[in-house]
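Here is the structure we will look at, set down as structure tokens.
The values are calculated or read from the model by the stated rules, or taken from the named source; none is laboratory data. From a predicted model like this one, the values you see are computed outputs, not experimental measurements. We place every Cβ from the backbone using ideal geometry, glycine too, and count neighbours over all the protein chains shown. In case anyone asks, the SASA skips ligands and DNA or RNA and just uses the protein heavy atoms, side chains included. Shrake-Rupley method; radii C 1.70, N 1.55, O 1.52, S 1.80 Å.
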Amino acid sequence: MLPRLLYKILTLLVFKLFTFSSVIAQTEFHDDSLKIVENANKILAVEIDIENQEEIIDFLGQGVVRQNDLAKDLIQFYLARFYYLKQQLPKAIIVANRNIEDNYNPNDSDAKFFNIKGAIHSLKREYNLAIQSFLKAAKGYQNQGNELREHVIYNNIANIYLALGDHKQAYHYSKLCFSVYGQYPMKPNFLSFLGILIVCENNLDMLDSAKAHIDLGMKYVDTTKDIQGKILMNFVKSEWEYKNKEFHKAIPFAIKSLRLSEQYQLKQFVIMSEILLMNIHNELKEYRLALDYGLSAKNNQKYYSNISMQHSITNGLSVAYAGIGEYEEAYLFIKETDSLKSIDRSEKNKRSMDSLLVQFESLTHKNKILGQEAVIAIQNHTIERRNNVLIIIGFTLLLLLLFIISFFIYNRQRLKLIKNQQEVEIANAITVSEEAERNRLSSELHDGLAAELTALKLELEQHNSISDRVFIMLNKAHQITRRISHNLSPFVINKKSLVDALAYLVSNNNVNGNLTFYSNVSNDLNLKPKVKTLLYRSTQELLQNALKHSNATEIVVQVILNKDMLTISVEDNGVGMEKELIHNSVGLGSLMNRIQLINGSLDIDSSPNRGTTIFINYKIEK
């Protein structure tokens, strides 16, 4: 199997392609911008030795008619690009940073400079900085509403993660790029983008998805002008067959990828294809052929030096040499593979190296040791695999258990919330219904019974034979009716402040002269109508309870404001209540629930024969 670090080769090449394939597209193609592009290509194509920055700028600006900010900005971009391609990276980064900081059209201008900064950091292997710059470039293009350029940047990021061997992140960004470019199969870089996506899928063992994308790409291979895309498609097709152990089917596509790479002198792809062919023939135990491809790849390294590529070549050559029985050469190559410090020095690799060493020493009559080492290696590998399976199963069960617990807790909380919401809605409906019923009864008492009593009084006054006691009883009935009507009517609540309404309530019910009202509130509290009504009705209910049940000789109603805490208390010196009676009281429980609807609280202080004090506490919203 191709080691994942091999894809650093693929990464840099495709990354360069997409970094600059969109450069020309970043300008509005009027005459001046075309002239700048022409000058930029000329200064690179012709061997012109220009050291002075101003001379380069003058050269790029030759023939430009409108020397406006847009033209100057584009010249600065091609100046940074010139330094980048000439491998003068410090100068390129200075130009890019200077133009990012100049505040000239940050949405339209900065994106291309962040793009080239990403390219510079990537070339310097400063991958974190490269990704940060590319993300800023993508954000800039997103602000412009330029979806295609934005998604080209995501492909650049995917290539960096391929270089780092992080195939999951590479797949994420490659898929993001192709989610848009997949709609444009006629775009020049369509197959190259698709090839990167398939590389990720092959290495993540997403072979079904890779197969679907390979079938899609193969439809365009014969007609595309994208040479690198064509090479990539043949390469990933071969790799897919290799992954599926269809080694004979993989060979023709790898050879086609190799021939195209040689034809267009793309050494990176030449080496990749040779390494793939070496690995295929090693799997087929055709070690002589594997050796030919491996040695050719090793020879081509002088054109493109890469440590991951070197690791792949030496590892494959060690297998090929061991296959033809040349254990000394095999040992030297596996030792060289192990010496590459940035490459994985796993136990499996060490065991392979020890095994080859034993094979080499077997030439001096130590075949027994070779067999023992091989058995130990197999046993260790089996134990390691079993341990890994147990760890995965245990971790999966733990995740499943945590999911079930979380789901159970979530459902309980959700049901509790729904229940609370239903209770609030029911309580609100009850409150509204009660208020409407009070209003109706008040109207009937005032307009009906009270009016009839008044009419009866007037009728009786016409007769001299009626005793004074009848008029006294009639007046008392009329006053009771009037008081009940006023208690029920919302008029007092709507037209007065809460304090005035409560003062009137106490006054209206002070028949026996045993009620006292006190308040330190002088200004209107500006309460919401719903809150005002609920506080008034709650106090009214507490007062009526005290009048009916407490047998008190004195009842005090107080309204106290302390900073933003409003406290309404109803205190009597009556018979008091048992704690059990307080907890089991339906009326008090209902009252407490209604007060909680406005985020208030109800506190009760009572004991037998020591009176009762009930506090309503409400924090006033500022």
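Of all residues in the range 481-500, those that are surrounded by 16 or more Cβ atoms within 10 Å (Cβ to Cβ) and either among the polar types (S, T, N, Q) or modelled with pLDDT under 85 (or both) total 13.
If you go through the range 272-294 and pick out every residue that is among the aliphatic types (A, V, I, L, M) and closer than 14 Å to residue 315 by Cβ, you end up with 5.
Is it the case that residue 193 is open to solvent by less than 10 Å² (accessible area, probe 1.4 Å) and of a type in the set (Phe, Trp, Tyr)?
Yes.
Residue 123 meets the stated requirement of being touching a residue at least 24 places away in the same chain (Cβ under 8 Å), open to solvent by 30 Å² or more (accessible area, probe 1.4 Å) and touching a Leu at 6+ places or on another chain (Cβ under 7 Å). For the range 259-298, a residue qualifies if it is within 16 Å of residue 247 (Cβ to Cβ) and hydroxyl-bearing (Ser, Thr, Tyr), and the qualifying residues are 273, 287, 293. Looking for whichever is in a helix (DSSP H, G or I), open to solvent by less than 80 Å² (accessible area, probe 1.4 Å) and either more than 16 Å from residue 112 (Cα to Cα) or at pLDDT 85 or above (or both) here; the options are 64, 95. Which one fits? Among 64, 95, only 95 is in a helix (DSSP H, G or I), open to solvent by less than 80 Å² (accessible area, probe 1.4 Å) and either more than 16 Å from residue 112 (Cα to Cα) or at pLDDT 85 or above (or both). Has the range 110-119 got any residue that is open to solvent by 20 Å² or more (accessible area, probe 1.4 Å), more than 20 Å from residue 200 (Cα to Cα) and in a helix (DSSP H, G or I)? Yes - at least one qualifying residue is present in the range 110-119.
Conditions tested, residue by residue: (1) surrounded by 15 or more Cβ atoms within 10 Å (Cβ to Cβ); (2) of a type outside the set (A, V, I, L, M); (3) at pLDDT below 90.
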site	(1), (2), (3)
291	yes, no, no
318	yes, yes, no
334	yes, no, yes
342	no, yes, yes
352	yes, yes, yes
359	yes, yes, yes
